Amino acid sequence: MTAPSETVRTIRLRVDGDRDAQGPLTLGQANALQWISALTDDHFLGLVQWIFKVPAGTTLERACAALSALVRRYESLRTTYHDGPDGPVQRVARTVDLPIEIHQRPAQPDGTTLSRELIAQLRARPFDLSEDLPLRLAVAVEGDLVHAVVAVYSHMAADYVSMTVLGERFTGLLTGTVTDGDAPPHQPLDRADRERSPKGLRQADAALRYWSAILRRRPRCVLPRPTTGVEPSMTPTPRSADLHSSRAAAALDRITARTGASRAMAVLAALAAVLALRTGQRNVVLYSPAANRLGVPLRDYVGTVSQDGLISLDVDQPDYDSLVRHAGTALLRANRNSVFDAEALQRAHDRIAHERGMPMVRDGVFNNISGNAPPDLPTVATTETFIDWWTPTGFTNLLLFHLVRTEQALILELITGDNRYLPDAEMEALLLGTERVLAVAATGNVALDDLGALAGIDPIPRDGDWHFVDHSWIQLSEVNRVLQAALPGPARAFVTDEGPEGATVVAHLAAVAEITDPARAHLACLRRLVDSPTAITPHRYVLHRGAPADPADPQAWRELTVLAEGDGRAADAGSEAGT
């Protein structure tokens, strides 16, 4: 909507680059296209946005010249995407008409509100990746002086670091600290060629092996909590909580001085400790949008490089400082193995989910953006710890941590896609628990065995319904709920062989016309698991003719005739598992 005092016009600038070219997608582009294609047109995650820093006294002509220079220099901003005979291709146009919206608006003391209003207008319509330039620009002027410049990009054109590169270069062009005659950067078509070289293919294969090894031992759920009162028929509600803590930032000063580790690693170690103490699972696995810009050519690269890294944290460390060092090593390994063939990784996800009987969902995410904090981040106004609550849209992850800031005041955002399963009290406990761990660790290195008591973090209570199975805490009642929903006939799961290495889940069920063998039973159960984070499929299925009078009696099941039994893990059925 146009403000009453606003005049809007659109100018179009001819921008000439170096070449017309076409080629295959990079692995990062293919990964982004895969998940963007699954989103609705209005889903906010398909687009990213940036507020540029504008030096005082910048004229409209100079601002538009700087924006044109960005589009001329970076081919991803002149790229469209098309179907080719061997799959999707990227097509770079040498010459484009660059539209820029010009809004005549009075300058405001705090320009953030206006900038966000302009961004909302730019985001109001979807991109056609085969026709549109993958960016939109708006400039606010008063007279001939610019006081706000914003951009919205398709995630195909830029990730978060790319936006930082573009933002810094825009400001540098206006202040004269950089020139438009710099050597041309590494471009997405160059990267695609490099990824298809023998060395690039070896690295992608190594990443696939790394991921597969972790997926074979990751817990079913990053935060297994009792599901009492959580009905699958209820609509999940997203929820966000932002921790602001000067106390935690001061603690990080002392921790990093003692350990030599980065502030982000100290926070990651604290989060891992809190999750392990709450859950009793000593392996914490988190997905992380990767800092995979390894090597000089990628330092000022503009394109969607970011793919997930998979961080595997072994919390069986002797003390907090050891955990911090381990977190740094784990994150480095994750980043080095975050360039992969998305389709091959999807097949690995499906295969391992099928074999283990649990969906490989992206339920825990750690996203560190503290090194590239947005320029409109508010300044610290209080030394008191507080939590801001709000309701986001479009999130489905169970736990998504955004590390926004570590200096002055720690800003740690926690978003859940399911406030039914992760209520406000648990979200607050995770955030404040992280603050308390940092505060305790600031006083000196502390044994992890003592950390729970010192930081006041209590484990989740677990009654006899809970069993440790395949690296995971599960609820047998939830397994049986899945069986009842998935199988048309009577069925009951039992836990056997409990010991230090975990237990085995065996299901006894009545054979019916739809379910005549273990493979069909297994596939039916897999399809029902996604809404049950504390359930897995049975390891073994035993089919009988009929069911006992008391289905809860395991001995009564064993006395029945067995028609078929097995694990149901047919080698050719992995694609049914989902992720």
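The values are calculated or read from the model by the stated rules, or taken from the named source; none is laboratory data. Everything numeric here is computed off the predicted structure, so don't read it as measured data. Note: ideal-geometry Cβ built from the backbone for every residue, glycine included; neighbour counts use all protein chains shown. Side chains included, ligands, DNA and RNA excluded: accessible areas come from the protein's heavy atoms. Shrake-Rupley method; radii C 1.70, N 1.55, O 1.52, S 1.80 Å.
Brief remarks follow.
- The distance linking segment 73-107 with segment 186-217 is 27 Å (Cα centroid to Cα centroid, whole angstrom).
- Its alpha carbons give segment 1-127 an Rg and a Dmax of 17.2, 54 Å.
- Counting only heavy atoms of the protein chains and using a 1.4 Å probe, residue 426 has close to 10 Å² of accessible surface.
- Solvent-accessible area per residue, Å², over the chain with all protein chains present [probe radius 1.4 Å]: 43 Å²
- Cα-centred dipole magnitude for the chain, charges only on beta-carbon of K, R (+1) and D, E (-1), debye, nearest 20: 1000 debye
- Modelled spin labels at residue 561 and residue 322, positioned 7 Å past Cα toward Cβ, are 5.8 nm from each other.
- Between residue 344 and residue 14, residue separation times 0.36 nm minus the direct Cα-Cα distance comes to 114.8 nm.
- Per-residue packing, averaged as other Cβ atoms within 10 Å, sorts the ranges 135-148, 271-284 into the order 271-284, 135-148, beginning with the highest.
- Solvent-accessible area, 1.4 Å probe, carbon plus sulfur percent, for segment 7-184: 51 percent
- Take every Cα pair under 8 Å whose residues are at least 6 apart in sequence, average their separation, divide by the length of the chain, and the relative contact order is 15 percent.
- Highest-first arrangement of 113-124, 303-314, where packing means the average Cβ count within 10 Å: 303-314, 113-124
- Note on residue 332/residue 513: beta-carbon distance plugged into 1/(1 + (r/R0)^6) with R0 of 60 Å gives a FRET efficiency of 0.65.
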